[in-house]
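One structure below.
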Amino acid sequence: MSDIYLQPSEIHTHQHHTKGKLIGQKPPLKPKEVWSIRALLQLNEKVRDLALFNLAIDSKLRSCDLVALRVSDVTVAGSVRERAVIVQQKTGHPVQFELTEQTREAVLAWIRLRSLDTCEYLFPSRIHRLPHLSTRQYARIVNQWVASIGLDPHKYGTHSLRRTKAAQIYKKTGNLRAVQLLLGHTKLDYSAVPGHRSRRCLAHLRASRVINGNRWQYACVLPLSTPVSRTEKPRTILN
């Protein structure tokens, strides 16, 4: 596969349905922002929203998987599991996640409030024709959470919650492969940039994408100890 080189001037922005909108990857929430949203939900006694928010942060699931969770997916013998495993709709592969104590308490409080049975959806829709909360409804709820603490809802989305804990783990460990496994990614895609040095380059780009939410990257920032050929051009990888 040939390399793709793009200059900033070569990137054309959409002028139709995306005009006036921010497009691209959404950044993760910062720890203080997570705490602020959680505190507001607790203060306002939003039992369902608190369970949904905590579960979204801990599970790192895509919105389609999160809203389709059943009570039996996260509970056993009347208590909430410390670890749960589900099969992702997008990939068909299982992914495991851990639930913190505060998440388990919030989920259990929601189940008891609604008297949910094990075979029921964890987040049933308030619209009778829908069996569970839709991804669009979930996206609107996330926008409300973000706006409630003074953030621009156009800059954040459901994927921001999916990335939040993964970004924190990467900053602490620097282990990109572990983060990809937590997000349910099956493998590293090195096909776009062959060669050992290019693999490092791709890893740095993807790490920056996970943490900063950047859709476009114009150059590869490698460690100072990494030798770089003078004739080697910086690559931009289109994901």
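Bear in mind these aren't lab numbers, they're just calculated from the coordinates by the rules spelled out. Note that the structure is a prediction, hence the values are computed from the model and not measured. As a convention, Cβ positions derive from the backbone with ideal geometry for all residues, glycine included, and neighbour counts pool all protein chains shown.
Please tell me which of these pairs span more than 29 angstrom C-alpha to C-alpha: Lys46/Lys171; Lys46/Lys172; Lys90/Lys171?
Working: Lys46/Lys171 31 Å; Lys46/Lys172 31 Å; Lys90/Lys171 27 Å.
Pairs exceeding the cut-off: Lys46/Lys171; Lys46/Lys172.
With the convex hull built on the Cα atoms of segment 29-90, state its orientation-averaged projected area in nm². Can you show the working numbers first?
On the way: hull surface 19.7 nm².
Computing the convex hull of the Cα atoms and averaging its projections yields 4.9 nm².
Once the Cβ-Cβ distance between Ser79 and Glu45 is put in as r, and R0 is 30 Å, what FRET efficiency do you end up with, to the nearest 0.05? Display every interim value, and only then the final one.
Working: r = 23 Å, r/R0 = 0.76.
In this case the efficiency is close to 0.85.
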Estimated FRET transfer efficiency when R0 is 22 angstrom, pair Leu108-Trp35 (beta carbons, to 0.05): 0.55
Principal axis box of segment 31-163, alpha-carbon based, largest edge first, Å: 40, 33, 32
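Pull out the extension gain between Ser72 and Gln96, defined as 0.36 nm times the separation in residues minus the alpha carbon to alpha carbon distance; nm, one decimal.
On the way: separation 24, 0.36 × 24 = 8.64 nm, distance 1.47 nm.
Here the answer is 7.2 nm.
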17 Å reach of a label modelled at Asn175, 7 Å along Cα-to-Cβ, counting backbone N of segment 82-117: 96-99
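Over segment 31-163, calculate the relative contact order: mean separation of alpha carbon pairs under 8 Å at least 6 apart, over the residue count, as a percent.
Numbers: 163 pairs, mean separation 39.8, N = 133.
Across segment 31-163, relative contact order equals 30 percent.
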